[in-house]
Structures are given as C-alpha cells and as structure tokens.
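Below is one structure, written out as structure tokens; comments come after it.
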Amino acid sequence: MIQEPSLIVTLLISQAQAEPAASLIEHLARARTEGGLALVPHSNGGWQNEESRTLLISWSHQEMPEIRVVQLALNEKGLGVEGWRRARERYHQAMAGLPVHVQEAVQGCTLIYQALVQQPPAQVVATLWEQGVLTTEGGLPLHHPLAAALDAPGGAVWLLATPGGEQKEAIYLALGPEDGQETLVFDVLFGEKAALPGPDSILHQAYHLSAPYLASRRDRVLRALDDLQTRSVALLTQSGSPPDQELQDFRRGIASLSTILAEIQRLDNALDVLAMNHDRMLVTWPWMKDIGRYQRLRLDAMLQQVSHDAREIQSVLDGAQVALQSLETEFASRRAAAQERTNLILVVVGLILALLQVIDADAPTMRWRLLVVVFILAAFIAGWLVWRRKG
C-alpha cells in the first residue's frame, strides 16, 4: 500500500536561552549505544547517520527570528505502515533524557507521516483511516482529516491535527508517487524553502503565546473583572461615604486590572502580526488554501478571544474610573463644605472672644451672657449651613 515511509519531525526552539537548539542537536546526534541517532555533520550543513536513513537540518525562522527550526527526517526504507511505528520509536528513544532547559525551550512540534504510493493518494488514505496506523504523540489514532491540499506539488497533503487543548503537536500526512517524491519533500515538507513549515510554525507560535492565558490565566482575569465591576456598582449605590480603606482597595483593583490589560493588548498585537504573516505566506502557495483556511480559523479563534477580553476589560476600567472620579468629586465637595462651616464658626467665635476682651473684667454677668450668645450663635450658624447643604 505504501512504500519507503518516513516520519518528519519539526521542532520549534526558543533562542532566548543559551543555545538550546545546539544542545538538542547534540542530544539527538549521540551514539546509538546511548540511545541517539548516531548523526555526523554533513557537507550540506546538516547532519545524517551512516546509512543515510536520518537527516537533520536547522535554520532560523525568517518571520520569527526568536525561533530556531530543527527538522528531523527518519526514513524506514523497505517497510510499509510498520515503518511509521518504528520511526516514532526511534524518535522517542532519541528524545529520551533531553535536558530540562531544552525541553522548556521547545515551543512547538509537528509530525509529518510521509510515504510513496503506487495508487492515487485519495484511495490509499481511506485504508489508512480504517487501519488507525496514524497516531498522535500520545498514541491516539487519527481517523479524519481536518483539511487537505490534494494538488500539492509532487502529491497530496492532509492536515490531521493542530495544537490546542490537550493536543500539543500538529500532524500531517503526505503521500505521492515516486517521481514526485523529491518535489513533495523539499518543496512542501522539509527545509527552509519548503511551503509547509512557515504557516505551520506561525500557528505553533500563536498557540504558544496564547495558551498560558487562555488555558489558566483567563479565568482569574475574568474573576478580577467581575469583582471590579461589582465594587463599582456597590460604591455608586451605597448611602454615605465608603471607608478610606475601601477606596484604597478600589484604586488598587483598577491599577491591577490596568496592568493586566496592557499584557493582554501586547498578546493581541502579537497574534495580529502572526495572522498577517500567515496570510501573506499563503499568497505564495495557493494550493495550500484549504489547509491555510483551517489554520487561519484556529488563529482567529485565539485572536478574537483575546481581543474580546481586551475590549471588555477596557470597558469595565472606563466605568470604574468614572465611578472613582464621581466619588472623589463628591467627597471633595463634602470636605469643602465641612471646611467652610468650620471656618465660619471659628470666625464668629473669634469675633465674640475678641469682644470679650474689651468688656470690663469686673462684669462677670455680662461675660456669662456673651458666652451664652456665642454658643447659641455658633449652633445656629452650623444648623443653617446644614439646612442649606440639604436644600
């Protein structure tokens, strides 16, 4: 049914840390007795083993300079579908014991099941779905394609899985006749100039950037959003002045959510740039339009969720700022009125006391009466100011 199966693995490595891609290549290239692939440098700048059954290449991604792409092709000549299983085992064995700092630098993984076929690829695919020989990294069988490029150069390509949720890797199937093998592999699947690695890497990067927020942080952000909105309404509707501590907590909530908004807007901008780069790449390869359309749907789902959250947070923050300004204006007015009353009473009391200084010291009765007048007048003025405030 299929001939010369191979498994092509693409790993996206962050270059933010100290040479994790070089550490990965060194780990894969170690001797077979150590579990490695026994790779040696090749004249083309890549690596291969003595039997030429394995080829490894690496390059920096043009659209994402912070990413290093490492591609590994594991060929199993002379075998049928069993070759894919053996290639997976070789890959897993070679990756075992990978240093922690390299594991943390891996930002995406793609598996491509590739083989030669004598029959039309569409006829072979139906049998492969029934047999369940195509699996995820975790061994889950894949039975249905998500999208296809049936007129790809040298053969046909099917998209089987994209990263999202528990699914971390992208998975493709590529089949073609023997006379188109070189075109299918090197124009479509493998190498810096191939069509598939670019759009596929962009989808991985989008997932890598957005997954921490969408998978876990988003719930905490939405809870903080609801809390601030509830407190805004409560402060505006309650009678009397809220305690100073309550206002301080409200201000801190606004500041915290403003910081979160800035982070989400940066994520939104990064996803938007990736989406534009993805669209631009597909213009070069119109035969990839169906696969590209499905990838774009996944990108749009991430982008729309993040954009929606950013708009909602901005709306709640605007309302909270208005509420805070309203409360501060009201409190300032109350403080000014209270200060006005205090100042007026102090002026009146000061005038009366000044009058007492000019009254005969031997007239205690007169002084007593004047003191009574002072307090009555002060009480009257205070009551009048309160009445005017309420009016």
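Laboratory data are not the source of any read-out in this text; all were calculated from the coordinates shown. All values derive from a computational prediction rather than experimental measurement. Note that each Cβ is placed from the backbone with ideal geometry, even for glycine, and that neighbours are counted across all protein chains shown.
Can you tell me the equivalent ellipsoid semi-axes for segment 147-204? Use √(5λ) from the Cα gyration tensor, largest first, whole Å.
22, 13, 8
Starting from the 7 Å offset along Cα-to-Cβ, what nm value, one decimal, do you get for the label separation of A22 and R293? Spacing of the two 7 Å Cα→Cβ label points: 4.6 nm.
Restricting segment 1-106 to GluC sites (Glu not before Pro) that sit in a DSSP loop and have at most 14 other Cβ atoms within 10 Å of their own Cβ leaves E50, E51, E66.
Classify segment 90-145 as rounded, prolate or oblate from the Cα gyration tensor: take a ≥ b ≥ c as the square roots of its eigenvalues, call it rounded if a/c is under 1.5, otherwise prolate when a/b beats b/c and oblate if not. Prolate is the answer for segment 90-145, as a/c is 1.5 or above and a/b outweighs b/c. Only residues of segment 116-136 count here: report those whose backbone N is under 15 Å from the spot 7 Å along Cα→Cβ of M1, or say none. Answer for this model: 116-135. Overall, the ratio between the Cα radius of gyration of segment 117-270 and 2.2 N^0.38 Å, rounded to two decimals, is 1.70.
Mind jotting down a quarter of the surface of the convex hull over the alpha carbons of segment 2-193, in square nanometres, one decimal?
Computed as one quarter of the Cα hull surface, the answer is 10.9 nm².
Of all DSSP bridge pairs formed entirely within segment 36-170, close to 90 percent run antiparallel. The distance linking segment 30-104 with segment 266-302 is 28 Å (Cα centroid to Cα centroid, whole angstrom).
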